[in-house]
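Please treat every number below as a calculation from the coordinates, not as lab data. Note that this is a predicted model, so its numbers are computed, not measured. Every residue, glycine as well, gets a Cβ built from its backbone with ideal geometry; the counts of neighbours run over all protein chains shown.
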Amino acid sequence: MREIRVKDLIIRDVVTASPEEILALAKLKMMRLGIGGLPVVKNRKLVGMITHRDTILAGERAMNLRVQDIMTSKVRAIREDTTLREVVTIMKGTRYQRLPVVSRGELVGIVTQSCIINALAEELK
């Protein structure tokens, strides 16, 4: 099997949230698009991640919060040259379902568990 890298898996058209955004809006984006998390970006720089689970845990407070109030700011990001093996190891060790992809601190895409499954399905053909 060839060595698959993030550049072969990446989703480049990424829906994001801003830190100042109302949390309810971020939750609505995720629900409408059927996605489980959003990278949080300020001036094109990755500053955090927010997940649908985070918004649920916020409960009724979500209406009065901003994304920055509950986002994870210590984010594990990867680069486009990261191997699939490394991505799987990171996801397994952290239990993250998605990893933002950065170049010089700027968000360039995201890799999700679905990306990995699709890549493996192609390799198994």
Original post:
Calculated FRET efficiency, residue 56 and residue 13, Cβ-Cβ r, R0 30 Å, to nearest 0.05?
Top reply: 0.75
**OP:** Taking the Cβ of each residue in 112, 55, 83 as the centre, tally the other Cβ atoms inside 10 Å and list the residues starting with the fewest.
**Re:** 83, 112, 55
Original post:
By counting other Cβ atoms within 10 Å of each Cβ, how are 88, 47 ranked from fewest to most?
Top reply: 88, 47
**OP:** Would you mind computing the Rg to Rh ratio of the chain from its alpha-carbon coordinates, Kirkwood style for Rh?
**Re:** 0.99
**OP:** Report the extension gain between residue 65 and residue 24 in nm, rounded to one decimal, defined as 0.36 nm multiplied by the number of residues separating them, less their alpha carbon distance.
**Re:** 14.0 nm
Original post:
Can you list the lysines whose alpha carbon is less than 28 Å from that of residue 45, not counting same-chain residues fewer than 8 positions off?
Top reply: 7, 27, 29, 74, 92
**OP:** Sort largest first and round to whole Å: the equivalent ellipsoid semi-axes of the range 82-125, each the square root of five times a Cα gyration tensor eigenvalue.
**Re:** 19, 13, 9
Original post:
Roughly speaking, what is the stretch gain from residue 75 to residue 114, that is 0.36 nm per residue apart minus the C-alpha to C-alpha distance, in nm to one decimal?
Top reply: 12.1 nm
